[in-house]
Amino acid sequence: MLGLAVADLRQDARKLAKALNEGFLIVREGPSAFRVRLDDLATRARGALDEPRKAFGDLYVRLSTDLLTKPEFQPYRTILRDCIIQTWPLAAGEVVLGEPLDRRRIHSVWTAAAESSIKADKMEALLIEAGAVAADDDRPRNKKTFSADRYADLIAEIPQRVSKTDMLEAMGATRNEFDALVNEGILKPRTRVPEIRLPWRAQDGLDLVADLAARADVSVSGDDPEWETIQKTCGTHLISVRDMLEAIRSGAVRLGLTNGMTGYHGFRVRKETIAAWHAGRAAQIADNRGTSSTVSLAEFGRSVGLRDKKHLDALIGAGFLEVIEVTNPATGNCVLGRQRRPRSGRGL
């Protein structure tokens, strides 16, 4: 009987009796069996116009009309309602079997596109990229559904994305400065979908500017020869922007902010600290060249099948591995533990 119209079955007494018996057998197995059958009917409703009434037939009609207030049918209404709100992309406030929906559970490509104010084809491309819908799903877009909760941040963020030009303006950077940050992966577009023209999240650029602003401890004049922009310094000394930012964050290089400026282009680094840091960095690189015969601790562990650091520490403690420390030239910190090959194979 589930999903069929009783009026149609009454034309054939045998079919009606069979349908009633099958329905009884399903319900007799308990709520779980009933829900499984409802889910099966919902899955079959693949057409663009296949709404709950078409999927569940008279079961939906009766439970939503003359049986709506019957307390003895409340368990069935609850199970059917749960199936509906977890299958169809219904918005908060929509009434389902007499009860308004408190929040959206399911989005479709269409509803997500409408909420984010973009075209459905672009939304579908973004959802495929995010893993929300499958690329080979051939259903209509209003049937390609996904969890509204899981992808709520994505749907909320899409209308806030900006163009490259807007990104430059938001963070106060020149095109060359921005391109350098992007090329080194310091700033990343939120999507790689080619047809999306607004791939940037302005807050990413603002967060970088705020981080640097918190480290700028002096105001400087724009024409002060003792200070220069991050971009110019990197070009002059052939330093990556990433290494320069690490040096600033470690305190090895002093950062200032040009009077009257608040964006990325306004930051200046003091030349004398650059010279000292750069000289020390070159010396560290030279020192580290003597370690070419070593391998990293993690690399050695993988080569002998040991991925747990505590086992490697035990080998070091027992004297089987000779360990040296190598200084990171970008920050001046001893962060890389390396070791030569084992002194002996005994005990390994």
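We did not get these values from a lab; they are worked out from the coordinates using the rules stated. In this text the structure is predicted, and so the values were computed from the model without any measurement. Backbone-built Cβ (ideal geometry, glycine too); neighbour counts: all protein chains shown.
In terms of packing, defined here as the mean over residues of other Cβ atoms within 10 angstrom, the peptides 213-226, 104-117, 59-72 line up highest first as 104-117, 59-72, 213-226. Less than 5 angstrom separates the built amide H of Glu228 from those of Val269, Lys271, all sequence-distant by 5 or more or on a different chain.
Less than 5 angstrom separates the built amide H of Val96 from those of Leu101, all sequence-distant by 5 or more or on a different chain. Each label point was placed 7 Å from the Cα along the Cα-to-Cβ direction; for Asp308 and Ser221 their separation is 6.4 nm.
Distance from the C-alpha centroid of region 32-76 to that of region 169-231: 54 Å, rounded to the whole angstrom. Residue pairs exceeding 29 angstrom between C-alpha atoms, taken from Lys18/Lys143; Lys143/Lys188; Lys188/Lys309; Lys18/Lys70; Lys164/Lys232; Lys164/Lys271: Lys18/Lys143; Lys143/Lys188; Lys188/Lys309; Lys164/Lys271. The gain in end-to-end length when the Ile26 to Leu67 segment is fully stretched comes to 12.8 nm, 0.36 nm per residue minus the alpha carbon separation. Each residue of region 161-168 is assigned a 3J(HN,Hα), and the resulting list reads 6, 10, 7, 4, 4, 5, 5, 4 Hz, derived from the Karplus form 6.51 cos²θ - 1.76 cosθ + 1.60 (θ = phi - 60°), x at Gly and Pro. What are the lysines whose alpha-carbon lies under 21 Å from the alpha-carbon of Lys310, with same-chain residues fewer than 8 places away excluded? Those lysines meeting the cut-off do not exist here. Computed from backbone phi, the HN-Hα couplings of region 92-106 come to 4, x, 5, 8, 10, 6, x, 10, x, 7, 6, 7, 6, 9, 10 Hz, rounded to whole numbers (Karplus: 6.51 cos²θ - 1.76 cosθ + 1.60, θ = phi - 60°; Gly and Pro given as x).
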